[in-house]
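Engineer: Structure provided below as structure tokens; questions to follow.
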């Protein structure tokens, strides 16, 4: 596997079907990026997801995203440094508000609410277990 200069080593999925699914998921993330300018829909998450999916499916698309003048710095900075504590707390607030509002206003089933709470707990755990980027001296 050829690795472009400056990009981290990544491993593509071995199964062609899996690579195809990852590629389509990456394209879906890119297609949803225009919606990220609406309040509450984060650009950062969609770009990182696209980078992950392309790292598993297409070196060419991953390298394009990694070198992109607007999206590339987001991916490179996250891979090199992680998230700031402010970013983690903003993500946590967004997760709690979106899942909480959805669970209260749109869901009637107790079991679905329990499942949503479990997903929310996992998302919060995931956010706070990522590397923390140090800000300042």
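The values are calculated or read from the model by the stated rules, or taken from the named source; none is laboratory data. Values in this document were obtained by computation on a predicted structure and should not be read as measured data. Don't worry about glycine lacking a Cβ; one is built from the backbone with ideal geometry, like all the others, and counts go over all protein chains shown.
Engineer: More than 30 Å from residue 15 (Cβ to Cβ) and out of contact with any strand residue (DSSP E or B) (no Cβ under 9 Å at 6 or more places or on another chain) - does that describe any residue in region 48-71?
Structural biologist: Here is the first cut: in region 48-71, the ones more than 30 Å from residue 15 (Cβ to Cβ) are 69-70.
Remaining after also requiring out of contact with any strand residue (DSSP E or B) (no Cβ under 9 Å at 6 or more places or on another chain): 69-70.
Scanning region 48-71, I find at least one residue that is more than 30 Å from residue 15 (Cβ to Cβ) and out of contact with any strand residue (DSSP E or B) (no Cβ under 9 Å at 6 or more places or on another chain), so the answer is yes.
Engineer: For residues in region 104-133 being touching a helix residue (DSSP H, G or I) at 6+ places or on another chain (Cβ under 8 Å) and part of a loop (DSSP other than H, G, I, E, B), which is nearest to residue 42 (Cα to Cα)?
Structural biologist: Checked region 104-133; the qualifying residue nearest to residue 42 (Cα to Cα) is 130.
Engineer: Here is a list: 9, 3. Which entry is at pLDDT below 85, loosely packed, with under 14 Cβ neighbours inside 10 Å and over 20 Å from residue 130 (Cα atoms)? So that I can check it myself, show each step before the final result.
Structural biologist: Details: 9 fails: over 20 Å from residue 130 (Cα atoms).
From the options 9, 3, the qualifying one is 3.
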